[in-house]
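What follows is a single structure, written as structure tokens, with notes after it.
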Amino acid sequence: MIVKQYIKDFEKLGFGMFVHFGLYSCIGMGEWAKKSRSIPWEEYLKTLDSFCPKEDWAKELVRAAKGAGCKYITLTTRHHDGFSLYDTCGLNEYDAPHVCGRDLVKEFVDACNAQGIIPFFYHTLLDWHEESYQTNFQAYLVYLRKSVELLCSNYGKIGGIWFDGMWDKPEEDWQEDALYGLIRSYQKDAMIINNTGLNARGALGHIELDSVTFERGRPQPINLSDSPKYIASEMCETFADHWGYAENDFNFKPTAELIQSLAICRRYRSNFLFNVGPKADGSLRTIDKGALEILGQWAALNAEALYEPAPVAVEVENKPKNFLLKNGNNYYLFLFDISMRGDGNVAINKEMVLDNTFSLPETVQSVCWLDSGKPLQFTQTGDRVTVTAEPYRYGQSFVVRVAKITV
Ligand code: GLC
């Protein structure tokens, strides 16, 4: 099996931010607004007059991502409405430079590079705006490849390209060899990802693809037994119900659920790509910033366990939801559903089994909470190890807590 270093490096990024930003952000009804609300083009294109992100939109986004513990950002450089945030260099006039006189992808990449975050480009495959998509598919593919070529050649080294929308014309020959080959010729170590969508989560696609996707799902172990190449996996998730900004969507996920999703992704060495949809001016809402800050606080406490360690074939026998990762001489035991104990007036008193039993080939030297360094009780008899978690006391509630086991 071929193992490529850049794919292994991608897995260690662990946590990324997805950004859906475009003309639809001015409408505030999600990125599918044009289609789902049947907005005529004449009206939709009026958004062009108001689309002018504030000067420091990219810097602020990158700062928020970094504070959350994200190592990369995947930005919608062109979504299904066909509008490009980058300079299409004459391919058409339906791009940011013609609207606000700025190349927003360049601003994004510069902000990423300045703050040590890796830029990734989302690019649509289906296109509602480009006429050739319906009338002359061969010509459309040429247009698509020229567009992608610009992204690969005008912005320096990028982390990867994330395609979406092939599912719209499954019967067509998308000439994937040519598309992916083009990327490879400019960006040797870029991840090439093609979202298989809701109905084919985790499906292995073309041999040039470097990661499978689990859009709004739960990652599963991927079966690489018949794959000639080692591939990564990534799960993307919305914060509320939309990818693009939707003003009246109140269905935000609790931060506890987001922390759990991030942890569960790492169990399968999958990356968690958490989405935000900035408003028309490119800024995030207070709730986005708040959630990112909470995630960042949790990620900072658990950073040692989050990025580098890899899954091991050790089951926690009495608590299968809990799991271990390993890096060098350390195991990291991720613990879910720890009870809280305290005074009956303020804390939930649940009596629970706090022992976690599993087998390790090595002798355990010490066990402590990763977030505080406080020692934890453990016993070892032969290869059988039991780590006893202490319940939360009123004053703390980590949702998922990590015990560091040194062997
Ligand atoms: C779906 C949607 C699209 C969104 C993507 C994110 O494919 O069509 O709007 O960008 O999911 O994964």
The residue that is modelled with the highest pLDDT, considering only those in segment 213-230 that are open to solvent by less than 90 Å² (accessible area, probe 1.4 Å) and among the hydroxyl-bearing types (Ser, Thr, Tyr), is Tyr230
In segment 27-136, which helices (runs of 4 or more DSSP H) lie fully inside it and hold 2 or more residues that are more than 16 Å from the ligand (Cβ to nearest atom), open to solvent by 60 Å² or more (accessible area, probe 1.4 Å) and on the phi < 0 side of the Ramachandran plot?
41-44, 47-50, 57-68, 104-115, 132-135
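In this structure, does Lys169 turn out to be within 16 Å of the ligand (Cβ to nearest atom) and open to solvent by 10 Å² or more (accessible area, probe 1.4 Å)?
Working: within 16 Å of the ligand (Cβ to nearest atom): yes; open to solvent by 10 Å² or more (accessible area, probe 1.4 Å): yes.
Here the answer is yes, as Lys169 does meet what is asked.
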With the structure loaded, tell me whether Ser233 is in contact with a strand residue (DSSP E or B) (Cβ under 7 Å, 6 or more places away or on another chain) and either part of a strand (DSSP E or B) or open to solvent by less than 50 Å² (accessible area, probe 1.4 Å) (or both) or whether it fails that test.
yes
I want to confirm something. Restricting to segment 240-254 and keeping residues that are aromatic (Phe, Trp, Tyr) and buried (at least 22 other Cβ atoms within 10 Å of the Cβ), which single residue is nearest to Thr74 (Cα to Cα)?
Trp243
May I ask you to list the residues in segment 236-264 that are farther than 24 Å from Ala303 by Cα, within 13 Å of the ligand (Cβ to nearest atom), out of contact with any His (no Cβ under 6 Å at 6 or more places or on another chain) and part of a loop (DSSP other than H, G, I, E, B)?
Asp241, His242, Tyr245
If I filter segment 206-230 down to residues being without any contact (Cβ under 8 Å) to a residue 24 or more places away in the chain and not hydrophobic (A, V, I, L, M, F, W, C), which single residue comes out as nearest to the ligand (Cβ to nearest atom)?
Glu215
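Residues checked against (1) part of a loop (DSSP other than H, G, I, E, B); (2) open to solvent by less than 30 Å² (accessible area, probe 1.4 Å); (3) modelled with pLDDT of 95 or more:
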position: Leu335; (1), (2), (3): no, yes, yes
position: Met352; (1), (2), (3): yes, no, no
position: Glu362; (1), (2), (3): yes, no, yes
position: Thr379; (1), (2), (3): no, no, yes
position: Glu390; (1), (2), (3): yes, no, no
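The values are calculated or read from the model by the stated rules, or taken from the named source; none is laboratory data. This one's a predicted model, so the numbers in the text were calculated from it and none came from an experiment. Counting neighbours? That spans all protein chains shown, and the Cβs are built from the backbone with ideal geometry, glycine included. For accessibility, only protein heavy atoms count, side chains too; no ligands or nucleic acids. Shrake-Rupley method; radii C 1.70, N 1.55, O 1.52, S 1.80 Å.
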